[in-house]
Amino acid sequence: MSLIEIRKRSLTIETIYHEGGPAAAQPLKLAASCAVIRNPYAGRYEPDLMPFMAELRSLGTLLAQELVDTLGKDQVEVYSKAAIVGVNGELEHAAVWHEAGGWAMRSVLGDPKAIVPASKAVASAGYRIMVPLHYIHACYVRSHFNSMEIGIQDAPRPNEILFALVMGTGGRVHSRLGGLTKDKVSVHDGQR
């Protein structure tokens, strides 16, 4: 029997033309693909979460592929992941998404080097969480430090988990604070 029972999914797309300055030549697109599932461990302690983490790779691939189909694989420059666990669960039920969601995005995008940032929480339905974003090939590219808010009004219910993946097409539209730029990435260690 599958540990993954999806109640609902959502896809949110933001298109940012400007942040008060001149309109960008190419608007920035940020997208979040979310799935709300039954928490198989709600209300009890489960010592072995590894089978759940392994099975979540398929959900991660589904969400990552939806984002690539939406934005275009060659357009994706930033990524992140998040999980919100309903109040009958625990934070470790969100932490399983670190490997499963991160692995899925790397696989679909062709194995970018930078660590996939994340945020997680245990919260009531309607909770919204800020998800940090950065450049997929080197996490120190300052122009690409950004965030996107995710959440669903009726999720997660107490016995559910909301899992999300986020991707975007570039850095902030008015970035001008110096630092490493994407065209100067040279070490290819995922950092610089």
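The values are calculated or read from the model by the stated rules, or taken from the named source; none is laboratory data. The shown structure was predicted, so the numbers you read here are calculated from the model rather than taken from an experiment. Glycine also receives a Cβ, built like all others from the backbone with ideal geometry; neighbour counts cover every protein chain displayed. Keep in mind that these areas ignore ligands, DNA and RNA; they rest on the heavy atoms of the full protein, side chains included. Shrake-Rupley method; radii C 1.70, N 1.55, O 1.52, S 1.80 Å.
Structure above, values below:
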{"read-out": "Relative counts (whole %) of C-alpha pair distances in the stretch 107-166, using bins that are 5 Å wide", "value": "4, 16, 24, 19, 14, 11, 10, 2"}
{"read-out": "Per residue solvent-accessible surface (Å²) - the chain, probe of 1.4 Å", "value": "48"}
{"read-out": "Candidates 101, 168, 151: whichever shows maximal mean-square fluctuation once the chain is modelled as a Gaussian network with Cα springs under 10 Å", "value": "151"}
{"read-out": "Average Cα contact separation per residue, the stretch 1-152, under 8 Å, 6 or more apart, as relative contact order %", "value": "20"}
{"read-out": "Cα centroid of the stretch 110-141 to Cα centroid of the stretch 1-29, whole Å", "value": "13"}
{"read-out": "Rounded tilt (10° steps) of 92-109 against the dominant C-alpha axis of the chain", "value": "50"}
{"read-out": "Rel. contact order, % - alpha carbon contacts under 8 angstrom, at least six apart, the stretch 80-176", "value": "37"}
{"read-out": "For the chain, average projected area of the Cα convex hull in nm²", "value": "11.0"}
{"read-out": "Most mobile listed residue (61, 12, 169) in the chain, GNM with C-alpha springs under 10 Å", "value": "12"}
{"read-out": "Pairs of Lys in the chain closer than 25 Å at Cα, counting only those 8 or more apart or on different chains", "value": "19"}
{"read-out": "Exposure ranking of 175, 58, 143 by accessible area [1.4 Å probe, largest first]", "value": "58, 175, 143"}
{"read-out": "Label-point gap, in nm, between residue 13 and residue 50 - each point 7 angstrom along Cα→Cβ", "value": "4.1"}
{"read-out": "Within the accessible area of the chain (1.4 Å probe), percent carbon and sulfur", "value": "52"}
{"read-out": "Positive minus negative residues near residue 43 (Lys, Arg vs Asp, Glu; Cβ under 13 Å)", "value": "0"}
